[in-house]
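Here is the structure we will look at, set down as structure tokens.
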């Protein structure tokens with residue numbers, strides 16, 4: 001049976017963490033709806049490591065049209081949620097509707113995938129992660145642990161309905177596990 005998956009991102013979303021799930025979900029015969037703070041052309045970015053840099057560099061990536069603004073999302077119309085990473089979650093989580101969306105999926109127990117900085121949406125929604133095990137980019141580990149999460153350095157972690165991964169390098173395992181629980 002075909003499912004409906006919501007993919008939350010915004011400007012500054014890591015290109016691979018937007019496009020890989022976007023097409024992989026469709027490839028499996030499901031519908032994916034890309035949501036951003038506003039219904040607009042979303043500008044993705046490409047993060048990579050440069051020699052002798054301690055942080056990632058950022059370059060412009062591909063553009064993609066958002067199908068919906070967060071304000072128009074009705075979580076009950078979807079079967080699962082993917083939270084892309086990159087820098088988008090830093091500001092997209094501040095949208096007044098983002099926490100409501102994430103909270104609705106969390107409370108319903110529907111499958112949720114969060115990659116890289118996608119876990120920042122949990123912070124905005126005030127999700128109690130006590131007793132849950134996950135991973136993310138190491139830069140947001142303190143925030144997730146303050147919510148009660150047990151943080152692992154594994155590249156991909158599955159905890160019941162939650163699939164998490166550290167970065168775009170982990171997309172094959174992340175999407176394999178997400179599609180399995182979907």
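Matching residues to (1) under 17 Å from residue 15 (Cα atoms); (2) touching a residue at least 60 places away in the same chain (Cβ under 8 Å); (3) surrounded by 16 or more Cβ atoms within 10 Å (Cβ to Cβ):
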{"position": "104", "(1), (2), (3)": "no, no, yes"}
{"position": "115", "(1), (2), (3)": "yes, yes, yes"}
{"position": "120", "(1), (2), (3)": "no, no, yes"}
{"position": "124", "(1), (2), (3)": "no, no, yes"}
{"position": "140", "(1), (2), (3)": "no, no, yes"}
{"position": "145", "(1), (2), (3)": "no, no, no"}
{"position": "153", "(1), (2), (3)": "no, no, no"}
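Looking only at segment 153-169, decide whether some residue is part of a loop (DSSP other than H, G, I, E, B) and on the phi > 0 side of the Ramachandran plot.
Yes, there is a match, as at least one residue in segment 153-169 is part of a loop (DSSP other than H, G, I, E, B) and on the phi > 0 side of the Ramachandran plot.
Would you say residue 30 is closer than 21 Å to residue 159 by Cβ and modelled with pLDDT of 95 or more?
So residue 30 fails the test.
What residue, of 99, 89, is in contact (Cβ under 8 Å) with a residue 12 or more places away in the chain, in contact with a strand residue (DSSP E or B) (Cβ under 8 Å, 6 or more places away or on another chain) and either in a helix (DSSP H, G or I) or over 20 Å from residue 44 (Cα atoms) (or both)?
Going through 99, 89 in turn, just one is in contact (Cβ under 8 Å) with a residue 12 or more places away in the chain, in contact with a strand residue (DSSP E or B) (Cβ under 8 Å, 6 or more places away or on another chain) and either in a helix (DSSP H, G or I) or over 20 Å from residue 44 (Cα atoms) (or both): 89.
Quick test of your reading of the structure: residue 168 fulfils all but one of (1) surrounded by fewer than 20 Cβ atoms within 10 Å (Cβ to Cβ); (2) touching a residue at least 60 places away in the same chain (Cβ under 8 Å). Name the failing condition by number.
With (1) surrounded by fewer than 20 Cβ atoms within 10 Å (Cβ to Cβ); (2) touching a residue at least 60 places away in the same chain (Cβ under 8 Å) applied to residue 168, the lone miss is (1).
May I ask you to list the residues in segment 48-75 that are in contact with a helix residue (DSSP H, G or I) (Cβ under 8 Å, 6 or more places away or on another chain) and either surrounded by 14 or more Cβ atoms within 10 Å (Cβ to Cβ) or free of Cβ contacts under 8 Å to residues at least 12 places away in the same chain (or both)?
Scanning segment 48-75 gives 61, 64, 70, 73, 75.
Go through segment 1-47 and count every residue that is surrounded by fewer than 17 Cβ atoms within 10 Å (Cβ to Cβ) and assigned to a helix (DSSP H, G or I).
3
Would you check which residues across segment 105-142 are under 23 Å from residue 46 (Cβ atoms) and part of a loop (DSSP other than H, G, I, E, B) and list them?
Those that are under 23 Å from residue 46 (Cβ atoms) and part of a loop (DSSP other than H, G, I, E, B): 135, 136, 137.
The values are calculated or read from the model by the stated rules, or taken from the named source; none is laboratory data. The structure presented is a predicted model; accordingly, all values stated were derived computationally and were not measured. Using ideal geometry, Cβ is built from the backbone for each residue, glycine included, and neighbour counts are taken over all protein chains shown.
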